[in-house]
1. Multiply the residue gap between Arg119 and Ser259 by 0.36 nm, knock off their C-alpha separation, and tell me the result in nm, one decimal place.
2. Taking the Cβ-Cβ separation of Phe217 and Arg196 as r and a Förster radius of 25 Å, what is the calculated FRET efficiency to the nearest 0.05?
3. Provide the FRET efficiency to the nearest 0.05 for the Glu188-Glu44 pair, computing r from the beta carbons and using R0 = 56 Å.
4. Need the full-extension length gain, Ser78 to Leu349, defined as separation in residues times 0.36 nm minus the C-alpha distance. One decimal, nm.
5. Relative contact order of the stretch 31-123, please, whole-number percent, based on alpha carbon pairs below 8 angstrom and at least 6 residues apart.
6. Give the order of Glu188, Glu291 when sorted by the count of other beta carbons within 10 angstrom, beginning with the fewest.
7. Please identify every one of the chymotrypsin sites (Phe, Trp or Tyr not before Pro) in the stretch 164-227 that sits in a loop by DSSP and has no more than 13 other beta carbons within 10 Å of its own beta carbon.
8. Between Gly57 and residues 5 or more places away or on another chain, which pairs have amide H atoms under 5 Å apart, with H built 1.01 Å from N, and which residues are they?
Amino acid sequence: MSRLRGSSRTSWCTRKGPAAGKPFVLERWQLEFVEDFGRTIEGERVFKRGLLGVARGNGKSPIAAGLAIRELVTRDDSPDVILAAASRDQARIVFAYASGFIEAGPLSEVLEVGRHEIRCPRNGGVLRTVSADGFVAHGLNPSAVIIDEAHSWNTTKQHELFAALDTAIHKRPGAFWLIITTAGHDKESLLGRLHRQMLETLELERRPGLVIGRDEFNGVLMHWFGADEECDVDDEHLWRAVNPARFVRIEDLRRQRRSPSMGRSTFARLHLNAWVAPDRERWLQTERWQELAEPGLEIAPDALICIGMDGSRTYDCTAIAWASPADDGRVDVDCRVFAVREDVPHHELHRGKIDFDRVEEFVLELFGRYAVREVAFDPRYLERSAELIDVRISESSIIRVEPFSKHMREALGSLERGVIDGTVRATTSTSSASRDSTRSSRGTSSGQASTAGITARSVACTSSTGRGRSTPSSPSLSPTGVCRQRRRRPCMSRAA
C-alpha cells in the first residue's frame, strides 16, 4: 500500500476532472478503503471480492485506474489485469485515466501504452479492457479485475461475463475482483442482489453516510457511501456525508438539485448513491412533448437550421437533431436516431456498433437540404465527424459542447422553457421517440435522452455565439422568416 500511496504523491498526475493537472493523491476515505481491501495475513490476501459504492463525481475512475496500475507493476507472475465494463465505451473511461497517469509521469519509461492495452515488459504483464459486447469466455486467468459501474450490467451477456470473471479469480494466488460503482434503480439486478446479499451476510460497521461490511473467512469486503431510499434529498448534511471527496462542493450539488431538469430520484441515485425505483418524474413529461407535435409538419427545404450531434459507439444511441426558426416565432425541431439495440426508439438500426460513416453521410445530407448556420457536437465521439463538417461550414460556427458543461446545462434549460411555454414545436418523427419510450423503461432513458438532449444542443446552438435572438422564455434562434411545408413522412420505427 505504501508504494501506491508514495507513487501517487510523486509521479502520478491527474489529466481529467476537477483535479486536472494536479498530482493524484489518495484522499483519506480512498486510502482507508485501499488499505482495508489490500490487507494481508501471513502474505495472503484477506479479501478477494470487493464492492466500493460512491456517488458520481467522487473519483471512482481514478482510484480504479490506480489500483489497476499497481497490480500491473508490482506483481511478478505475468499479471493479467482486466478493466471490465458493460460496454467498450465504459471500459475505455478507466483505461483513459490509467494511460493518462502513465503518460504524465516516469512510468512512461517502463510501461508501453497501446490503444487497448498497457504492457509491462519487466514482468510480462498486461492491463487490458474487456466488455460484454466483445467478450469470449475462454482462457481467463486474471490477477485482478476492476469492474466499473456494475449497475448497468443487466443483459445476459453481461451476467455471463461477470460469472466468468468471478469463477476465474481462484486460478491465481492473490487474484481479486473489485466493483466500483454508483447505485442502480433495480434491486433485483446483478448489482442489486450483490449489494443486498452483502448487507445480509457481512459483519457491518455503520458510520454517517457509510456502511462497511466484512467477511474475512469468505474474503468479501464492502465500503458503501450512500443514502437510504426514503432519505431527505434536500438535507445538505447528508450530501456531505455520502460524498466523501473533498473536491465535491455543496454549492455544486445545490445547483444540481435546483436544476429544472433534475428529478428527485435522479439526484438521489447519482449524487447521494441511493437505491431508488425508476424515476417517474420524467425530465420532460411524455404527454407534454406529444402536445407539441404537429402531424405532418416537416421543416422546409432550404430553411435556416442549427444542428446538434450526440454520439455513442456500442450501447447508447447516436442522435442528430436540427432546429429551425418559424415565422410565427416558434422553433421547429426534428431528429434522426441511430441505435444498436432493438428495444429503444430509432430511425436506423445498426449492428454491433454505430456506423459513423452513415451518420456523417446523413449530416452531409442535411447540408444539402437546408441552410446550416451552426453545429454543436459532443467531442467525445464526434471529432472526426466535425472535421468533415468543417469543410462545409466556417470553423467559428462549429461549437464543442461537453455533456456536463455549463453550455449543456444552459441548453437543456432553454429547451425546457421552450417546451413549457410552447415555443418549441416537434415534428411527428421527433415526438414519436417520446411516445415509443413509454413502452419500455430502457427506451425511456435512451430514446428521450438522445432526442431531447441533442435537440437542446440544436435549439440553443446560436446562443453560444451570441448572434441569435435570446429572450428569457424562449430558445435562442434568429427570428428570420422561414416558410414551412406540410407533408406526411414516415414515423420513427421501433422493432418489437
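We did not get these values from a lab; they are worked out from the coordinates using the rules stated. Quick caveat: nothing in here was measured; it's all calculated off a predicted structure. Ideal geometry is used to build each Cβ from the backbone, glycine not excepted, and the neighbour counts take in all protein chains shown.
1. 46.0 nm is the gain from fully extending Arg119 to Ser259.
2. So, using R0 = 25 Å, E works out to roughly 0.80.
3. 0.95
4. Additional length available on full extension: 93.4 nm.
5. Relative contact order for the stretch 31-123 comes out at 21 percent.
6. So the ranking, lowest neighbour count to highest, is Glu188, Glu291.
7. Details: sites: Phe176, Trp177, Phe217, Trp224, Phe225; in loops: Phe217.
Loop-located and lightly packed - Phe217.
8. none
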